[in-house]
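What follows is calculated from the coordinates using simple rules that are stated; it is not laboratory data. Please read all numbers here as calculations on a predicted model, not as lab measurements. Reconstructed Cβ throughout: ideal geometry from the backbone, glycine too, with neighbour counts over all protein chains shown.
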Amino acid sequence: MKAIINARIYDYENYIENGYVVFDKKIVKVGKMSEFKNDDYNIIDANGQLLLPNFVCAHSHIYSIFARGLSLPFNPKNFQEILDQMWWKLDSQIDNEITYYSGIAAGSEFLLNGVTTIIDHHASGVNIKGSLNSLKKSLVNDLHLRAALCFESSDRFPINDCISENISFYKRNKMNHVCGLFGMHASMSLSDKSLKMISKKLGDAPIHIHVAESEMDEEDSYHTHNMNIISRLDKFNLINKDSLIVHGVHINDEELDIVKQRNAYMVVNTTSNLNNAVGIPDIKNYLKHGIPVMVGNDGLSSSMATEYLNAYYLTHLRNSSPTAMGLGEIVDIINNAYEYVGRRFGVNIGKIKESFVSDFMLVPYTPFTKMNSSNAFGHIFFGLFPNFKPRDVYVDGMRLVRNGELTSKKAKQLLIESREYSDKLWKKIKEI
């Protein structure tokens, strides 16, 4: 049994100025140092560092890590051309080996940023079958992260293979470290025939789909199908409980009412939306409709602290008000992710409490003003998030990061090997 002592403990609900945590795979005891009794524990002295629950990334594209530094002819005039000139070229050349090593590279970077649960939206044109198991092997088996995985079904790929990969993985993976969702790219890349096929096989699986990321997606739905995207998905009974409606930049109130009725989630990716110049999601309107919101990175920065900062500041900008969103709403959004993951994985996660899994991190922080239970999140948001870098990161009580470095020699070696596979991918793309 291990004990972290002399820590400032905060879990977005409770704050202990100087406390301890006794833990193994799960947390056994939490309390103030004045109450601590050493029962021959393996002691880890936090020396006043903050002890926080690890982050969740609610929408990512792991494979996109191999796009960094890739030089391609790129002069898009709209969102579709961004897909054509970059992302669809990239994913069309990905096989299961590249999928595996992209998981090693992205997963390692997430881990170093205190992100240990990842909800991923995968695409790989060379290998569809077995692709999610390849990602599971890197993220879950070899890096010991938690992952919810799905394949991005699209008419760009053989639709039967997409459906089979999603359903097979969903049915076979319902454990506390891995689960499946049903992935769909977007309305504009899926015909009615494909949606009907998916509907017949879907069962109770939640879908994970891009919706109205750009205006082009909504325009296509109205022009081709004479209805908005969410109504179209609902027509085929595709929006199950816990479905993830990603982006939603151009979604309307009628659609939000349906999302609410179906007990689905909105997942925003503000940094990516800025990068693609598609707009700013109306988080306040999602919340007004009573829809739980989570935050993803859409395959860009591995720092969820950055994503929370951008969601907050851009909501102020979109609503032309410095009080459009309060810190309490950001806390709610962070907790939404823990609640979602806890339900889908069947674990207690996201709190520093007895019986919760030992998924937490130690982060150096020196408060220059008084820190207490009433202002702890203000310190973390404005003082820590802009310079966020954990020292130690634990999953299931295992220390996976120590002093800012991966503890696993195997993971370090695999990370070096991953560079060979990024080179392989780049050569394939440039030959297209």
So, with +1 on the Cβ of K and R and -1 on the Cβ of D and E, and no other charges, what is the size of the charge dipole of the stretch 238-317 about its Cα centre, to the nearest 20 debye? 160 debye
Dipole axis of the stretch 312-432 (+1 Lys, Arg; -1 Asp, Glu on Cβ), positive-most option in Met398, Ala411, Trp426: Trp426
Separation between Cα centres of the stretch 190-229 and the stretch 329-380, rounded to whole Å: 35 Å
The convex hull of the Cα atoms of the stretch 55-345, divided by residue count, gives a volume in Å³ per residue of 118 Å³
Can you tell me the 0 to 90 degree angle between the C-alpha axis of helix 96-112 and the longest principal axis of the chain, rounded to 10? 40 degrees
Net charge of neighbours whose Cβ lies under 10 Å from the Cβ of Glu354, counting Lys and Arg as +1 and Asp and Glu as -1: +4
Helix-only estimate, please: 222 nm mean residue ellipticity of the chain, summing -39500 (n - 2.57) across DSSP H runs of length 4 or more and dividing by its residues, to the nearest 500. -10500 deg cm²/dmol
For the chain, find the longest principal axis of its Cα atoms and tell me its angle to the long axis of helix 409-430, 0 to 90°, nearest 10. 20 degrees
Roughly how many Å is it from the Cα centre of the stretch 68-143 to that of the stretch 152-186, as a whole number? 15 Å
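Suppose every K and R has +1 on its Cβ and every D and E has -1 on its Cβ; what is the size of the dipole of the stretch 55-345 about the Cα centre, in Debye to the nearest 20? Before the final figure, lay out the partial values.
Numbers: 25 positive and 32 negative charges, 180 e Å.
I would put it at about 860 debye.
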